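First the structure, in the form of C-alpha coordinates, and then the observations on it.
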Amino acid sequence: MKASRAAGGVVGLAAAAWAGQAGYKVWEANRDLSDATAALREAERATEDRERALQELKEQAKSLSSLREGVSLELDLLQAELQKVKKEEERIQDTILKKETQLTDAELGLKKIYDEENSLHESQKQLRTIITTSTQRLSEAREAAKRAKFEANPMNNPLLRSK
(Lines give C-alpha, C1' and ligand atoms only; values in the text may rest on other atoms or scores of the structure.)
Protein backbone atom coordinates (compact mmCIF):
# COMPACT_ATOMS: atom_id res chain seq x y z
CA MET A 1 0.00 0.00 0.00
CA LYS A 2 2.77 2.16 0.67
CA ALA A 3 3.97 1.50 -2.76
CA SER A 4 0.59 2.21 -4.08
CA ARG A 5 0.50 5.35 -2.07
CA ALA A 6 3.90 6.29 -3.23
CA ALA A 7 2.94 5.54 -6.75
CA GLY A 8 -0.27 7.44 -6.25
CA GLY A 9 1.72 10.28 -4.73
CA VAL A 10 4.13 10.29 -7.64
CA VAL A 11 1.26 10.08 -10.06
CA GLY A 12 -0.51 12.79 -8.06
CA LEU A 13 2.59 14.88 -8.10
CA ALA A 14 3.01 14.28 -11.77
CA ALA A 15 -0.65 15.00 -12.33
CA ALA A 16 -0.38 18.12 -10.20
CA ALA A 17 2.69 19.19 -12.10
CA TRP A 18 0.98 18.44 -15.37
CA ALA A 19 -2.15 20.29 -14.18
CA GLY A 20 0.03 23.22 -13.07
CA GLN A 21 1.69 23.26 -16.43
CA ALA A 22 -1.66 22.99 -18.18
CA GLY A 23 -3.02 25.78 -15.94
CA TYR A 24 -0.06 27.96 -16.86
CA LYS A 25 -0.60 27.17 -20.53
CA VAL A 26 -4.30 28.06 -20.14
CA TRP A 27 -3.33 31.29 -18.40
CA GLU A 28 -0.82 32.02 -21.16
CA ALA A 29 -3.43 31.25 -23.81
CA ASN A 30 -5.95 33.48 -22.00
CA ARG A 31 -3.35 36.27 -21.83
CA ASP A 32 -2.54 35.85 -25.54
CA LEU A 33 -6.27 35.76 -26.30
CA SER A 34 -6.79 38.93 -24.23
CA ASP A 35 -3.87 40.63 -26.01
CA ALA A 36 -5.21 39.51 -29.38
CA THR A 37 -8.70 40.75 -28.45
CA ALA A 38 -7.26 44.11 -27.38
CA ALA A 39 -5.26 44.29 -30.63
CA LEU A 40 -8.43 43.36 -32.58
CA ARG A 41 -10.40 46.07 -30.76
CA GLU A 42 -7.60 48.56 -31.49
CA ALA A 43 -7.58 47.51 -35.14
CA GLU A 44 -11.39 47.87 -35.26
CA ARG A 45 -11.13 51.36 -33.70
CA ALA A 46 -8.41 52.29 -36.20
CA THR A 47 -10.56 50.93 -39.05
CA GLU A 48 -13.56 52.94 -37.78
CA ASP A 49 -11.36 56.03 -37.49
CA ARG A 50 -10.11 55.48 -41.03
CA GLU A 51 -13.67 54.95 -42.29
CA ARG A 52 -14.79 58.16 -40.55
CA ALA A 53 -11.79 60.04 -41.97
CA LEU A 54 -12.54 58.58 -45.42
CA GLN A 55 -16.20 59.62 -45.10
CA GLU A 56 -15.13 63.13 -44.03
CA LEU A 57 -12.75 63.28 -47.00
CA LYS A 58 -15.57 62.20 -49.32
CA GLU A 59 -17.84 64.89 -47.85
CA GLN A 60 -15.05 67.45 -48.16
CA ALA A 61 -14.50 66.34 -51.76
CA LYS A 62 -18.22 66.79 -52.45
CA SER A 63 -18.14 70.16 -50.74
CA LEU A 64 -15.04 71.18 -52.67
CA SER A 65 -16.62 69.98 -55.90
CA SER A 66 -19.73 72.04 -55.16
CA LEU A 67 -17.55 74.96 -54.17
CA ARG A 68 -15.52 74.57 -57.38
CA GLU A 69 -18.74 74.55 -59.42
CA GLY A 70 -19.91 77.64 -57.53
CA VAL A 71 -16.60 79.38 -58.09
CA SER A 72 -16.67 78.38 -61.75
CA LEU A 73 -20.20 79.75 -62.10
CA GLU A 74 -19.22 82.93 -60.24
CA LEU A 75 -16.18 83.27 -62.51
CA ASP A 76 -18.41 82.89 -65.59
CA LEU A 77 -20.77 85.56 -64.21
CA LEU A 78 -17.85 87.88 -63.45
CA GLN A 79 -16.44 87.38 -66.96
CA ALA A 80 -19.84 88.16 -68.45
CA GLU A 81 -20.06 91.26 -66.26
CA LEU A 82 -16.55 92.24 -67.31
CA GLN A 83 -17.58 91.94 -70.98
CA LYS A 84 -20.57 94.19 -70.27
CA VAL A 85 -18.31 96.71 -68.55
CA LYS A 86 -15.86 96.62 -71.48
CA LYS A 87 -18.70 97.18 -73.96
CA GLU A 88 -20.03 100.04 -71.82
CA GLU A 89 -16.52 101.49 -71.64
CA GLU A 90 -16.24 101.31 -75.45
CA ARG A 91 -19.64 102.96 -75.79
CA ILE A 92 -18.59 105.71 -73.39
CA GLN A 93 -15.31 106.18 -75.25
CA ASP A 94 -17.24 106.47 -78.53
CA THR A 95 -19.60 108.97 -76.92
CA ILE A 96 -16.65 110.97 -75.56
CA LEU A 97 -15.01 110.95 -78.99
CA LYS A 98 -18.26 112.11 -80.64
CA LYS A 99 -18.71 114.84 -78.00
CA GLU A 100 -15.09 115.95 -78.43
CA THR A 101 -15.65 116.09 -82.19
CA GLN A 102 -18.85 118.06 -81.67
CA LEU A 103 -17.05 120.36 -79.24
CA THR A 104 -14.22 120.91 -81.74
CA ASP A 105 -16.78 121.59 -84.49
CA ALA A 106 -18.65 123.96 -82.17
CA GLU A 107 -15.39 125.75 -81.27
CA LEU A 108 -14.58 126.10 -84.97
CA GLY A 109 -18.11 127.35 -85.62
CA LEU A 110 -17.83 129.79 -82.72
CA LYS A 111 -14.48 131.03 -84.04
CA LYS A 112 -16.09 131.49 -87.46
CA ILE A 113 -18.96 133.41 -85.83
CA TYR A 114 -16.47 135.60 -83.95
CA ASP A 115 -14.56 136.20 -87.19
CA GLU A 116 -17.81 137.07 -88.99
CA GLU A 117 -18.84 139.32 -86.10
CA ASN A 118 -15.47 141.09 -86.27
CA SER A 119 -15.91 141.39 -90.03
CA LEU A 120 -19.41 142.80 -89.47
CA HIS A 121 -18.03 145.33 -87.00
CA GLU A 122 -15.44 146.36 -89.58
CA SER A 123 -18.17 146.58 -92.21
CA GLN A 124 -20.31 148.64 -89.82
CA LYS A 125 -17.38 151.00 -89.22
CA GLN A 126 -16.88 151.32 -92.97
CA LEU A 127 -20.64 151.86 -93.48
CA ARG A 128 -20.69 154.52 -90.75
CA THR A 129 -17.77 156.21 -92.43
CA ILE A 130 -19.55 155.99 -95.82
CA ILE A 131 -22.84 157.19 -94.27
CA THR A 132 -21.07 160.05 -92.49
CA THR A 133 -19.20 160.98 -95.66
CA SER A 134 -22.37 160.63 -97.75
CA THR A 135 -24.35 162.68 -95.25
CA GLN A 136 -21.71 165.39 -95.33
CA ARG A 137 -21.68 165.35 -99.14
CA LEU A 138 -25.46 165.37 -99.22
CA SER A 139 -25.49 168.32 -96.85
CA GLU A 140 -22.88 170.04 -98.97
CA ALA A 141 -24.90 169.24 -102.15
CA ARG A 142 -28.08 170.62 -100.53
CA GLU A 143 -26.20 173.71 -99.51
CA ALA A 144 -24.82 174.02 -103.05
CA ALA A 145 -28.31 173.44 -104.47
CA LYS A 146 -29.75 176.09 -102.14
CA ARG A 147 -26.99 178.48 -103.11
CA ALA A 148 -27.48 177.68 -106.78
CA LYS A 149 -31.23 178.18 -106.44
CA PHE A 150 -30.65 181.34 -104.54
CA GLU A 151 -28.18 182.56 -107.10
CA ALA A 152 -30.43 181.44 -109.96
CA ASN A 153 -33.16 183.66 -108.69
CA PRO A 154 -32.78 186.97 -110.56
CA MET A 155 -33.72 188.90 -107.51
CA ASN A 156 -30.87 187.55 -105.56
CA ASN A 157 -28.22 187.61 -108.26
CA PRO A 158 -27.17 191.06 -109.47
CA LEU A 159 -25.65 189.60 -112.64
CA LEU A 160 -28.94 188.11 -113.62
CA ARG A 161 -30.91 191.32 -112.85
CA SER A 162 -29.30 193.37 -115.54
CA LYS A 163 -30.66 191.36 -118.32
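The values are calculated or read from the model by the stated rules, or taken from the named source; none is laboratory data. Given the structure is predicted, the values throughout are model-derived calculations rather than measurements. With ideal geometry, Cβ positions are generated from the backbone for all residues, glycine too; neighbour counts draw on all protein chains shown. Note: accessible area is taken over every heavy atom of the protein model, side chains too, but ligands, DNA and RNA are not part of it. Shrake-Rupley method; radii C 1.70, N 1.55, O 1.52, S 1.80 Å.
What ³J(HN,Hα) values, in whole Hz, does the Karplus curve 6.51 cos²θ - 1.76 cosθ + 1.60 give for region 120-126 when θ = phi - 60°, with x put for Gly and Pro?
Values per residue, Gly and Pro as x: 5, 4, 4, 4, 4, 4, 5 Hz.
Ignoring ligands, DNA and RNA, what percent of the 1.4 Å accessible area of the chain is carbon and sulfur? Working shown, then result.
Details: 8930 of 14910 Å².
Its accessible area is 60 percent carbon and sulfur atoms.
Can you work out ³J(HN,Hα) from phi for every residue in region 52-62, in order, using Karplus 6.51 cos²θ - 1.76 cosθ + 1.60 and θ = phi - 60°, giving whole Hz and x for Gly and Pro?
So the Karplus estimates, Gly and Pro as x, are 4, 4, 5, 5, 4, 5, 5, 5, 5, 4, 5 Hz.
Indicate the gyration tensor shape class of region 88-163 (rounded, prolate or oblate), computed on the Cα atoms with a ≥ b ≥ c the square roots of the eigenvalues: a/c under 1.5 is rounded; otherwise a/b larger than b/c is prolate and the rest oblate.
prolate
Mind listing the phi-derived Karplus ³J(HN,Hα) values for region 89-96, rounded to whole Hz, using 6.51, -1.76 and 1.60 with θ = phi - 60°, and x for any glycine or proline?
4, 4, 4, 5, 4, 4, 4, 4
Quote the convex hull volume per residue of the chain, based on C-alpha atoms, as a whole number of Å³. Let's see the in-between values first.
On the way: hull volume 23.5 nm³, N = 163.
Taking the convex hull of the Cα positions in the chain, it is 144 Å³ per residue.
Report, in deg cm²/dmol and to the nearest 500, the calculated mean residue ellipticity at 222 nm for the chain, where each DSSP H run with n ≥ 4 adds -39500 (n - 2.57) and the sum is divided by the residue count.
When only DSSP H runs of four or more count, the value is -36500 deg cm²/dmol.
Using +1 at the Cβ of each Lys and Arg and -1 at the Cβ of each Asp and Glu in the chain, identify which of Q136, W18, Q124 lies farthest towards the dipole's positive end.
Of Q136, W18, Q124, it is Q136.
So, for region 52-103, what is the accessible surface per residue at a probe of 1.4 Å, expressed in square angstrom? List each step's numbers first, then the result.
Details: 4920 Å² over 52 residues.
Each residue of region 52-103 exposes 95 Å² on average to a 1.4 Å probe.
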